[in-house]
Number of protein chains: 2
Amino acid sequence: MAAALELFSKHDAEDVSIDDVATAAGASRALVYHYFGGKQELYVAALRSAAEELQDRLRPVNGGTAIEGLAAGLTRYFDFVEDHAAGFAALLRGGPANRAGEVGEIVEGVRRRLFKMIMNQMQVSEPTPVLRTTLRSWIASVETAGLDWLESRDIERPTLERLLVDQMVALLGVASRHDGLAGGSLPELGRGPGELG
Amino acid sequence: MAAALELFSKHDAEDVSIDDVATAAGASRALVYHYFGGKQELYVAALRSAAEELQDRLRPVNGGTAIEGLAAGLTRYFDFVEDHAAGFAALLRGGPANRAGEVGEIVEGVRRRLFKMIMNQMQVSEPTPVLRTTLRSWIASVETAGLDWLESRDIERPTLERLLVDQMVALLGVASRHDGLAGGSLPELGRGPGELG
């Protein structure tokens, strides 16, 4: 599976054959077919495995303020980006002819999970439209920053993580000016979940 | 071409046949094959045509401050999103970080164009790493906000455009605190291109 993910991340899915995967994994072509059924199935299985590992890492940790929780979540996110550069890139690049299908669903699943985690940290159950689009945009920013970092590696990881946390605080400030309801979220970022009235 | 784009935007590319496209376009299957060669080619041609129209709309307009230029560019961007909801979704479906193969190249081309346009507006030729990742992240935010808006339509377009401009100003403020060089860009947003020393 790791071998498949590495191959799919480095090459267009069209250019990777089951034989390539079997060779890289030290398995027979028949075995790969037996377990996965075909290349598209193998590709989707590899992406799903990467997505599950990422989601495991993003399980919320109790205690601390929302902003500390966000910073800790980002660190775990970038741990994944660094440990599984190939998997992360494969997950976000998606498949050539399958953008809205299974691959798109996997990527959207990770985004929904992140969105929910942040909402929980902020103790918000129903986001306003402005807050919703702000959080979705920030998640897109984090993905883009992750890919940019893998390409360039010219920013220290802690610096990049602080930048993204500061961006979130600034974006929530903008949201609060546009939207009275979203404004309630900003001050609470500095409080622990138990401190809310 | 419009018919193809509409179909590809509403369905998985796998579920759209050349016959569907021919029927929707009122043309014969043979004619569609003659012009495009095959479904993947047709798909890529449809996306490329959408991307070219978007880039045409984003040609810079002279005069005004950088922030006015940015706001005007966003309005033209969302004009495209609104006029060609199907094309926009087809272009970006799979997510803001999608980049493999021909489709990825088309999407990346639009992003590079946007990036260059913003850099020109800001009179910056070589971005620092912090500014580069900030601008790329903001572009991802704009794409995500566009898709979110098409899905929900619960924010007025002018409100959303102002939100995104305000986000850019806030993000440049964050970048300036992280990065002395990027800080120079923020005050210049309010000036016209000719007013820089």
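The values are calculated or read from the model by the stated rules, or taken from the named source; none is laboratory data. It should be emphasised that the depicted structure is a prediction, and the values quoted were computed from it without experimental measurement. Glycine gets a Cβ as well: all are built from the backbone with ideal geometry, and neighbour counts include every protein chain shown.
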Number of the condition not met by A:Arg57 [criteria: (1) more than 21 Å from the chain's Cα centre (by Cα); (2) surrounded by fewer than 18 Cβ atoms within 10 Å (Cβ to Cβ)]: (1)
Residue in the stretch A:56-67 that is more than 17 Å from A:Glu161 (Cα to Cα), out of contact with any Cys (no Cβ under 9 Å at 6 or more places or on another chain) and assigned to a helix (DSSP H, G or I) present: yes
A:Val61 vs. criteria at pLDDT below 85, within 19 Å of B:Val107 (Cβ to Cβ) and not hydroxyl-bearing (Ser, Thr, Tyr): no
B:Val110, sole failed condition from (1) surrounded by fewer than 16 Cβ atoms within 10 Å (Cβ to Cβ); (2) in contact (Cβ under 8 Å) with a residue 12 or more places away in the chain: (1)
Cβ-Cβ under 9 Å pairs, at least 6 apart or on other chains, the stretch A:38-56 side free of Cβ contacts under 8 Å to residues at least 40 places away in the same chain, far side surrounded by fewer than 19 Cβ atoms within 10 Å (Cβ to Cβ) and of a type in the set (Val, Ile, Thr): A:Gly38/A:Ile18; A:Lys39/A:Ile18; A:Leu42/A:Ile18
Residue in the stretch A:24-41 that is crowded, with 17+ Cβ neighbours inside 10 Å, in a loop (DSSP other than H, G, I, E, B) and either touching a strand residue (DSSP E or B) at 6+ places or on another chain (Cβ under 9 Å) or at pLDDT below 80 (or both) present: no
